[in-house]
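Colleague: First the structure, then my questions, so here it is.
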Amino acid sequence: MFVLAESNKLYVGDMLFYIVSFIILAALVWHFAWKPVTQMMQKRATKVANDIDSAANKRAEAEKLAKQRQDELAGSKQEATKIVADAKKTGEDQRNKIVEAAQADAANVKQQAAQDAEQARKDALQGAKNDVANLSVEIASKLIHKQLSADDQQALIDSYIEGLVKHES
């Protein structure tokens, strides 16, 4: 047991050797393992932070673009509505112009027809006047057995036509 007791004693030289070995080992681990690991972790943390910032910026940019597209879509809808309204107005104006032109043409045709009818009536009256004059001269010459003068014929025709015109009215 005595040997066991002595073997359990710590020697200062061994302890000093263990401490120096531990310090050297700790320095080596710190230099070759801990320092690169912490640098790697720092780089990773920086990268993650940058990625988060980049993602936030891209999301904000995407939202901005989405809003811009929505605004453009609303603007294009308004523009389409305006184009349709302008087309309707143009169509309505053209329709009105066509209707006015048709009404003007109809009025002109009606006026021309009235003038033609009036001219035909005058021509018919003139023809009837000439026919009546010829008939009356023949009748008068047969009745009277003499020739009427031109002035007498004209007076007789005018009085007969006035009688016809009054009779028509």
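Colleague: So which pairs qualify, if the first residue must be in segment 106-133 and basic (Lys, Arg), the second must be in a helix (DSSP H, G or I) and open to solvent by 60 Å² or more (accessible area, probe 1.4 Å), the Cβ gap must be under 9 Å, and the two must be at least 6 apart or on different chains?
Modeller: Lys129/Tyr160; Lys129/Leu164
Colleague: Listed residues Val3, Val20; which is at pLDDT below 90, of a type outside the set (Phe, Trp, Tyr) and in a helix (DSSP H, G or I)?
Modeller: Only one candidate qualifies: Val3.
Colleague: A further question follows. For segment 72-86, which positions are of a type in the set (D, E, K, R) and more than 8 Å from the chain's Cα centre (by Cα)?
Modeller: Glu72, Lys77
Colleague: Further question on the same structure: Which condition breaks for Leu143 when tested against (1) surrounded by fewer than 10 Cβ atoms within 10 Å (Cβ to Cβ); (2) at pLDDT 70 or above; (3) of a type outside the set (D, E, K, R)?
Modeller: For Leu143, the failing item is (2).
Colleague: Residue pairs, Cβ under 8 Å, 6 or more apart or interchain, first in segment 28-49 and part of a helix (DSSP H, G or I), second charged (D, E, K, R). List them.
Modeller: none
The values are calculated or read from the model by the stated rules, or taken from the named source; none is laboratory data. All values derive from a computational prediction rather than experimental measurement. Glycine gets a Cβ as well: all are built from the backbone with ideal geometry, and neighbour counts include every protein chain shown. Accessible surface is based on the protein model in full, side chains and every heavy atom, while ligands, DNA and RNA are left aside. Shrake-Rupley method; radii C 1.70, N 1.55, O 1.52, S 1.80 Å.
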